[in-house]
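Asker: Quick one: the structure is below, questions incoming.
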Amino acid sequence: MYYEIVPMDRGHIDQIVELEKACFSMPWTENMLDDALYDPQASFIVAEDGEGGVLGYAGLHVILDEGYIDNVAVEEAARRHGVASALLDVFCRFAEVNLAFLTLEVRASNQAAIALYEKHGFHQAGLRKGYYQHPREDAIIMTREFGNGTENSEQG
C-alpha cells in the first residue's frame, strides 16, 4: 500500500473529521482540528495515498521537553499496512533529538494499539480510571523516555 507522510493542511480536515468519527467515541471537531493547524505547540501529520486521500493521521503537542501524542487514527482498510507505525516513527524520531519523553493514553481494551506502542518502545506508566466515555473505560498511560530536552541540558 502506497502512502506518504505529509504535514496536515486545511485540505485534509474534512477527511480527518470523518476518520475521527469512525475511530473515536468523542471525535475531534472540524474547529478543533482547524485550531491545531495554527497552534505553535502542535504538529499534525497525515498518511496520504497517491490521490491525496487520508489513510491515517496523528497529532503531537509539545511543551518544553514533553511530548503528548493526541491521536493516532487509521482508516480501517489501511490498518495492518504500517501506516500507524510510520506516523509514530515520525514523532519518535523527532523526540529522540528534542524531547525528554512522549506520552499518550490508550483504551485498556485496545490491545492492537497497546502492542503497537510497545513495539515503539512505550511502556505502561499509569492508569486513568474511567477516562473514556461511550463506553466508559479506563485509559492506560503509556510513556517513552528519550533522555533529551531542557532538564538534561542544564549545567549544575
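Asker: Check whether at least one residue in region 132-152 is over 11 Å from the mean Cα position of the chain (by Cα), over 26 Å from Ala22 (Cβ atoms) and without any contact (Cβ under 8 Å) to a residue 40 or more places away in the chain, and report yes or no. If you could, list the steps in order and put the result at the bottom.
Answerer: First pass over region 132-152, keeping only residues over 11 Å from the mean Cα position of the chain (by Cα): 132-152.
Then drop every residue that is not over 26 Å from Ala22 (Cβ atoms), which leaves 143-152.
Of the ones still in play, those that are also without any contact (Cβ under 8 Å) to a residue 40 or more places away in the chain are none.
No, that holds for no residue.
For every residue, the table says whether it meets (1) over 21 Å from Ile16 (Cα atoms); (2) in contact with a Ser or Thr (Cβ under 7 Å, 6 or more places away or on another chain).
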residue	(1), (2)
Gln41	no, no
Glu66	yes, no
Val72	no, no
Ala77	no, no
His81	no, no
Phe101	yes, yes
Ile114	yes, no
Gln124	yes, no
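Asker: If you don't mind, there's one more thing I want to ask. Of all residues in region 34-62 being in contact with a His (Cβ under 6 Å, 6 or more places away or on another chain) and buried (at least 23 other Cβ atoms within 10 Å of the Cβ), which is farthest from Ala100 (Cα to Cα)?
Answerer: Here is the first cut: in region 34-62, the residues in contact with a His (Cβ under 6 Å, 6 or more places away or on another chain) are 41-42, 46, 54.
Narrowing further to those that are buried (at least 23 other Cβ atoms within 10 Å of the Cβ): 46, 54.
Details: Val46: 24, Val54: 30 Å.
The residue in question is Val54.
Asker: Residues that are modelled with pLDDT of 95 or more and under 28 Å from His12 (Cα atoms), at least 2 per element: which helices (runs of 4 or more DSSP H) completely within region 41-155 meet that? If you could, list the steps in order and put the result at the bottom.
Answerer: Numbers: elements: 83-98, 111-119, 150-153.
In region 41-155, the matching helices (runs of 4 or more DSSP H) lie at 83-98, 111-119.
Asker: Continuing with this model, one more query. Among the residues of region 10-52, which ones are touching a residue at least 40 places away in the same chain (Cβ under 8 Å), closer than 18 Å to Glu76 by Cβ and of a type in the set (Val, Ile, Thr)?
Answerer: Ile16, Val46
Asker: Then there's this: Of the conditions (1) surrounded by fewer than 12 Cβ atoms within 10 Å (Cβ to Cβ); (2) over 14 Å from the mean Cα position of the chain (by Cα), Arg93 clears all except one; give me its number.
Answerer: The one condition Arg93 does not meet is (2).
Asker: Could you run through region 43-85 and say how many residues are within 11 Å of the chain's Cα centre (by Cα) and not polar (S, T, N, Q)?
Answerer: Just the residues of region 43-85 that are within 11 Å of the chain's Cα centre (by Cα), to begin with: 43-46, 56-61, 67-74, 84-85.
Then keep just the ones that are not polar (S, T, N, Q); that gives 44-46, 56-61, 67-70, 72-74, 84.
Looking only at that region, the number is 17.
The values are calculated or read from the model by the stated rules, or taken from the named source; none is laboratory data. Computed from a prediction, not measured in an experiment: that's the story for all the values here. Backbone-built Cβ (ideal geometry, glycine too); neighbour counts: all protein chains shown.
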